[in-house]
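The values are calculated or read from the model by the stated rules, or taken from the named source; none is laboratory data. This structure is a prediction, so every number in the text was calculated from the model and none was measured. Every residue, glycine as well, gets a Cβ built from its backbone with ideal geometry; the counts of neighbours run over all protein chains shown.
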Amino acid sequence: MNRKAAVLVAGSWGTALAAVLADNNFDVTIWARNAAQVEEINMRHTNSKALQDAVLPDNITATTNMEQALTGSEIVLFVAPSSAMRDVAKQAAPFIAPDALCIHATKGFESGSYKRMTTVLSEELNCDPSQLVVLSGPSHAEEVVLRQPTTVVVASASQESAERAQDAFITPYFRVYTNMDVVGVEVAGAIKNIIALGAGLTDGLGFGDNAKAALLTRGLAEISRLGNAMGANPLTFAGLAGVGDLVVTCTSKLSRNYRAGLLLAEGLPLDEVLTRVGMVVEGVRTTSAAHELSKQYDVVMPISEQLFEVLFENKPPRSAVESLMGRGRTHEMEEVAGSWGLHQS
């Protein structure tokens, strides 16, 4: 008899991860608000809104009933957008078994409070944050659902919880590493979406590989700088959740953040950009969060700051690039040392 897992909600990443769990002999129930989407998953074994015509395993079903989705589930995977995570967790809390393993795979901060997702979940589920797990890394849902080789990381303050998540997800095509640095994995997963917006923008403006390489390198410095200030392990940013996720998100047209950046380069207003992308672009909300967190932690984040001005203050994209190139002179190794928590002698 298969074990049971629940996935909340039915976006592209949640659906792809549901397929991984199903391949690992879990009976998976996806919870969604959209009745038509639920009917399609149950009747056709597709979720065309999220993943076009990819065929899902037969042991995936869907429901609009939260209690039905969660009853008996030993794995509960939250993949709600950051703006909806608290509401979804609040609805789920009464129905989650005490021994269920709660995992999230959302890359962003809560709007307004700028809290990490494990903090939001621990508050609403009334559990110790150390028992929660975050799944992150370089992974396009469109490739995972086709069973293309993918490697991710699961992080938890509890080694036991991380290993339970590792066992639940690891397959011949989906390799899973464990990590104890929850803060670093969550910060890296969130901030890289800002850099991906910038990557799309620079490509849309017609800049070349030199600009892209500089953006990724300096973007990684910003991720590391903020993460270090928030208590992360600097080595996390050299791994899958850091440079790995940054590369895949900034170099692929499968990335919705990258696509949003391309549209911004055309001079389209933000509302139209989001409409055209048609799915949640976490990098937009995260840019606002980074703007506040950089002030809270007294961290310099010039790329994030320029993108904030483009998104929310109508700064022309080309002017933002000129502002970055015209910054005062600095020493790279001093910045790297600070970002990585190192000290030069």
- Item | Residue in segment 100-119 that is within 22 Å of N2 (Cα to Cα), modelled with pLDDT of 95 or more and over 23 Å from the mean Cα position of the chain (by Cα) present | no
- Scanning segment 15-51 for residues that are among the small types (G, A, S) and within 22 Å of V277 (Cα to Cα), which turns out surrounded by the most Cβ atoms within 10 Å (Cβ to Cβ)? A16
- Message: Residue under question is G231, and the condition is that it be among the small types (G, A, S), under 16 Å from A188 (Cβ atoms) and in contact with a Lys or Arg (Cβ under 8 Å, 6 or more places away or on another chain); does it hold?
- Response: no
- Note on the structure: Of all strands (runs of 3 or more DSSP E) fully inside segment 95-204, the set with 1 or more residues that are surrounded by fewer than 17 Cβ atoms within 10 Å (Cβ to Cβ) and aromatic (F, W, Y) is 174-179
- Of the conditions (1) modelled with pLDDT of 95 or more; (2) touching a Phe, Trp or Tyr at 6+ places or on another chain (Cβ under 7 Å); (3) of a type outside the set (S, T, N, Q), V9 fails just one. Which one is it? (1)
- Residue, surrounded by the fewest Cβ atoms within 10 Å (Cβ to Cβ), within segment 224-235, restricted to residues that are touching a residue at least 60 places away in the same chain (Cβ under 8 Å) and in a helix (DSSP H, G or I): P234
- Message: Taking the conditions exactly as written (modelled with pLDDT under 95, surrounded by fewer than 23 Cβ atoms within 10 Å (Cβ to Cβ) and assigned to a helix (DSSP H, G or I)), does R218 satisfy them or not?
- Response: yes
- Query: Checking A22 against (1) more than 19 Å from the chain's Cα centre (by Cα); (2) assigned to a loop (DSSP other than H, G, I, E, B), which test does it fail?
  - Reply: (2)
- Message: Just the residues that are of a type in the set (A, V, I, L, M, F, W, C) and touching a residue at least 12 places away in the same chain (Cβ under 8 Å), please, taken from segment 41-63.
- Response: I41, A50, L51, A54, L56, I60, A62
- Message: I'm trying to understand the selection: among the residues of segment 250-267, which are over 21 Å from L324 (Cα atoms) and at pLDDT 90 or above?
- Response: S252, S255, R256, R259
- Spans of helices (runs of 4 or more DSSP H) in segment 247-332 with at least 2 residues buried (at least 19 other Cβ atoms within 10 Å of the Cβ): 256-265, 282-296, 302-312, 317-325
- Of A89, A10, which residue is assigned to a helix (DSSP H, G or I) and under 25 Å from E123 (Cβ atoms)? A89
- Note: among V248, V176, just one is outside the structural domain of Q296 (by TED's automatic domain parsing) and either under 15 Å from the mean Cα position of the chain (by Cα) or over 21 Å from V299 (Cα atoms) (or both), namely V176
- Condition met for S83 (touching a residue at least 12 places away in the same chain (Cβ under 8 Å) and either within 16 Å of S156 (Cβ to Cβ) or not in a helix (DSSP H, G or I) (or both)): yes
- Task: Keeping to segment 275-313, report how many residues are under 15 Å from the mean Cα position of the chain (by Cα) and among the hydroxyl-bearing types (S, T, Y).
- Result: 2
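Using the structure shown, decide if A168 is modelled with pLDDT of 95 or more, touching a helix residue (DSSP H, G or I) at 6+ places or on another chain (Cβ under 9 Å) and under 24 Å from E142 (Cβ atoms).
Taking the combined requirement at face value, the residue satisfies it.
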- All conditions in (1) within 25 Å of E142 (Cβ to Cβ); (2) touching a residue at least 40 places away in the same chain (Cβ under 8 Å) are true of D209 except (2)
- Task: Using the structure shown, decide if S82 is among the small types (G, A, S), surrounded by 18 or more Cβ atoms within 10 Å (Cβ to Cβ), under 25 Å from the mean Cα position of the chain (by Cα) and assigned by TED's automatic domain parsing to the domain that holds V152.
- Result: yes
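Would you point out which residue out of T15, T29 is touching a residue at least 12 places away in the same chain (Cβ under 8 Å) and in a helix (DSSP H, G or I)?
T15
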